[in-house]
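Heads up, the thing below is written out as structure tokens.
We did not get these values from a lab; they are worked out from the coordinates using the rules stated. Source: prediction; values computed, not measured. Cβ coordinates were reconstructed from backbone atoms using ideal geometry, including for glycine residues, and neighbour counts include every protein chain displayed.
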Amino acid sequence: MTLPPALLASLQAAPGFAEAAFVQAHASGQAITSIRLNPAKPVEGLLDGFGTAVSSVPWNSHGYYLAERPVFTLDPLLHAGAYYVQEASSMFLQQAVVQCCPQERPLKALDLCAAPGGKSTLLQSVLPPGSLLVSNEVIKGRANILAENITKWGAANVVVTNNDPQHFARLSNYFDLIVVDAPCSGSGLFRRDAAAMDEWSPANVELCSQRQLRILADILPALQPGGTLIYATCSYSPQEDEGIMDWLMGQGGLEGQRIAFDANWGIVETESSGAYGYRFYPDKVQGEGFFIACFTKQEGATGNGYHGKPKKQDIPSRHEAALAAQWLQNPNDFALLKQQNDILAIPQALMADLALLQSTLYIKKAGINMGQPVANGWVPSHELAMSGLLPHTVPFVDLDKTNALQYLRRDHFVIGDGPQLVVGWALVRYLGLPLGWIKAMPGRVNNYYPKDWRILMRSE
Ligand code: SAM
């Protein structure tokens with residue numbers, strides 16, 4: 001692998017850069033595989049399934065390195081949302097959130113550049129209970145994969161939006177935490193994806209840096225005084241890292257936050273304009289290239305500066321609400337909304353926020369879509385199967401791995417021994433986690449796994 005000479009030249013003055021070791025780390029071709037577990041969907045013995053050589057990612061309480069890269073597509077637990085395959089360095093976001101945003105009260109958080117959902121699923125696992133997470137992606141096609149990953153993760157407190165950063169202007173002083181995992185020139189991932197080097201150029205670094213400034217300028221007004229901004233890239237270029245810190249500090253009203261870490265982790269702390277950044281080099285950490293910095297917005301203007309009118313919500317009829325309640329373990333915790341024919345379950349505490357967000361943003365997904373009332377009952381949605389909101393009385397069948405994969409392919413599968421299925425809806429589970437729905441009919445079983453999500457891969 002030959003790294004772009006212009007990249008190496010531009011990094012000579014970058015804090016902690018050691019050219020020979022950096023080049024060697026890229027030449028080694030070492031491939032690090034890491035996953036982050038979903039604490040809301042624990043599976044006993046999950047790590048044992050990856051072999052013995054599993055070790056913890058030291059800066060993330062749910063992160064693990066795997067000795068080998070399995071074919072993740074052929075693991076039903078991935079599709080069940082039991083874990084997310086995430087680059088280890090970027091899991092440091094947990095430290096930034098926990099240390100810079102230590103409040104235990106529910107927070108309003110925004111993940112502005114969220115697809116495909118690595119940071120958002122991490123945030124869901126570390127935000128205080130009762131928090132709201134707005135997970136936004138500007139590119140429509142990428143917002144679909146974001147919504148899919150959020151659905152698999154299963155939390156009801158997330159609103160997925162598909163907006164340009166500018167559209168958040170009306171939500172001034174609104175969020176307690178904003179994460180900007182900015183689009184960047186991507187040099188931090190060259191070791192993993194050498195082809196990405198073809199798109200790298202000094203001109204592209206400049207372009208990315210200008211775009212990062214625009215994104216931050218657009219979104220800063222949406223941060224509450226006292227709130228936290230976390231900025232991250234997977235670029236080594238100072239123009240996209242310290243250069244952006246300098247610009248942010250030059251705006252006034254922000255204070256840099258320091259993040260404590262163990263010196264053995266190999267992270268390089270960098271200081272510029274009174275702010276602190278954290279550089280991850282592959283020759284020093286067990287992970288790929290990453291940069292993160294944390295800021296607090298100084299106190300000043302207070303309160304929610306939103307001046308729009310909350311959107312009027314459509315609510316289901318009493319009959320529809322009664323039907324829906326039968327599909328919830330704790331119906332009193334949720335407000336129900338109607339969206340065309342679908343019923344959404346929204347945590348009660350988040351209803352007022354949702355009404356505000358709906359009046360100013362394009363909402364792709366909010367809370368849990370429960371499905372639809374129909375003439376003779378209810379058609380439950382896939383989101384509901386993945387949500388963990390269902391009562392324990394819902395019938396289920398447990399499949400072995402071979403048949404779970406067949407189910408996920410929407411192909412013929414065999415239900416083993418167990419209680420006889422009665423006619424109606426049942427969950428399909430693997431190692432105790434729901435994968436989706438089937439409907440038992442006299443003499444046959446219909447597979448309701450979403451067509452667009454089905455596995456196409458046959459075998460390794
Ligand atoms: N946070 C994601 C994760 O952990 O899975 C990765 C985000 S990726 C580094 C940057 C994202 O920013 C991409 O999904 C990209 O589509 C989006 N993006 C591109 N241009 C943007 C813009 N002008 N404003 C906001 N987001 C943008």
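Dipole of segment 270-423, Cα-centred, from +1 at each Lys and Arg C-beta and -1 at each Asp and Glu C-beta, to the nearest 20 debye?
520 debye
Could you give the length gained by full extension between Gln103 and Thr393, i.e. 0.36 nm per residue of separation minus their alpha carbon distance, to one decimal place?
Here the segment from Gln103 to Thr393 would lengthen by 100.7 nm.
Mind sorting Leu8, Leu177, Leu323 by how few other Cβ atoms lie within 10 Å of their own Cβ, fewest first?
Least crowded to most crowded, the residues run Leu8, Leu323, Leu177.
Got a sec? Which residues in segment 27-63 would a label at Met457 touch, if it sits 7 Å along Cα→Cβ and we count backbone N under 17 Å?
32-36, 49-51
Assuming a ≥ b ≥ c are the square roots of the Cα gyration tensor eigenvalues, decide whether segment 1-76 counts as rounded (a/c under 1.5), prolate (otherwise, with a/b larger than b/c) or oblate.
Note, shape of segment 1-76 comes out prolate.
In whole Hz, with x marking every Gly and Pro, tabulate ³J(HN,Hα) for segment 160-172 from phi via Karplus 6.51 cos²θ - 1.76 cosθ + 1.60, θ = phi - 60°.
Once θ is set to phi - 60°, the couplings for segment 160-172 become 9, 10, 10, 9, 6, x, 4, 5, 8, 4, 6, 9, 5 Hz.
Per Stokes-Einstein, at 37 °C and 0.692 mPa s, what whole-number D in µm² s⁻¹ belongs to the chain, with the Kirkwood radius over Cα pairs as the hydrodynamic radius?
140 µm²/s
In whole Hz and in residue order, list the ³J(HN,Hα) couplings for segment 424-437 that follow from phi through the Karplus curve 6.51 cos²θ - 1.76 cosθ + 1.60, θ = phi - 60°; x for Gly and Pro.
x, 7, 8, 7, 9, 10, 10, 6, x, 9, x, 9, x, 9
Quote the charge dipole size of segment 228-280 about the Cα centre in Debye, to the nearest 20; the model charges only the Cβ of Lys and Arg (+1) and of Asp and Glu (-1).
Computed about the Cα centre, the dipole is about 80 debye.
Share of antiparallel DSSP beta bridges in the chain, in percent to the nearest 5?
75 percent
Placing +1 on the Cβ of each Lys and Arg and -1 on the Cβ of each Asp and Glu in the chain, which of Met91, Ala195, Leu336 has its Cα farthest towards the positive end of the resulting dipole?
After comparing all options, I get Leu336.
With the dipole of segment 385-450 worked out from charges on the C-beta (+1 for Lys and Arg, -1 for Asp and Glu) around the Cα centre, which of Asn447, Thr402, Leu427 lies farthest toward the positive end?
Towards the positive end, the residue furthest out is Asn447.
Where in segment 351-382 does the label zone of His319 land, with the point 7 angstrom along Cα→C-beta and an amide N cut-off under 20 Å?
Of the residues in segment 351-382, 370-380 have backbone N under 20 Å from the label point off His319.
Can you compute the helix-only [θ] at 222 nm over the chain? Use -39500 (n - 2.57) per DSSP H run of at least 4 residues, normalise by all residues, nearest 500 deg cm²/dmol.
Taking each H run of at least 4 residues, the total per residue is -6500 deg cm²/dmol.
For Asn332 and Asp411, what does the FRET efficiency come to when R0 = 45 Å and r is the distance between their Cβ atoms, rounded to the nearest 0.05?
The value I calculate is 0.65.
Only Lys, Arg, Asp and Glu count, each charged at its Cβ (+1, +1, -1, -1), so figure out the dipole size of the chain about its Cα centre, rounded to 20 debye.
Roughly 1500 debye for the chain.
Classify segment 99-193: rounded, prolate or oblate, from the alpha-carbon gyration tensor (a ≥ b ≥ c, eigenvalue square roots; a/c under 1.5 rounded; otherwise prolate if a/b is larger than b/c)?
Rounded is the answer for segment 99-193, as its axis ratio a/c remains below 1.5.
Hey, what do the phi angles of segment 16-27 turn into as Karplus ³J(HN,Hα) couplings, whole Hz, using 6.51/-1.76/1.60 and θ = phi - 60°, x for Gly and Pro?
Along segment 16-27, the couplings run x, 6, 10, 3, 4, 5, 5, 5, 4, 4, 6, 5 Hz.
Give the average over all directions of the projected area of the C-alpha convex hull of segment 213-352, one decimal, in nm².
Projected area, direction-averaged: 13.2 nm².
Given axes a ≥ b ≥ c from the Cα gyration tensor, I'd like to know whether segment 124-280 is rounded (a/c under 1.5), prolate (a/b larger than b/c) or oblate.
Rounded, since a/c falls under 1.5.
Using +1 at the C-beta of Lys and Arg and -1 at the C-beta of Asp and Glu, which of Gly226, Ser317, Thr296 has the Cα lying farthest in the positive direction of the dipole of segment 213-333?
It is Ser317.
In the structure shown, do any of Lys297/Lys338; Lys41/Lys309; Lys140/Lys401; Lys140/Lys284; Lys108/Lys451; Lys41/Lys439 have a Cα-Cα gap over 32 Å, and if so which?
Violating the 32 Å limit, Cα to Cα: Lys297/Lys338; Lys41/Lys309; Lys140/Lys401; Lys140/Lys284; Lys108/Lys451.
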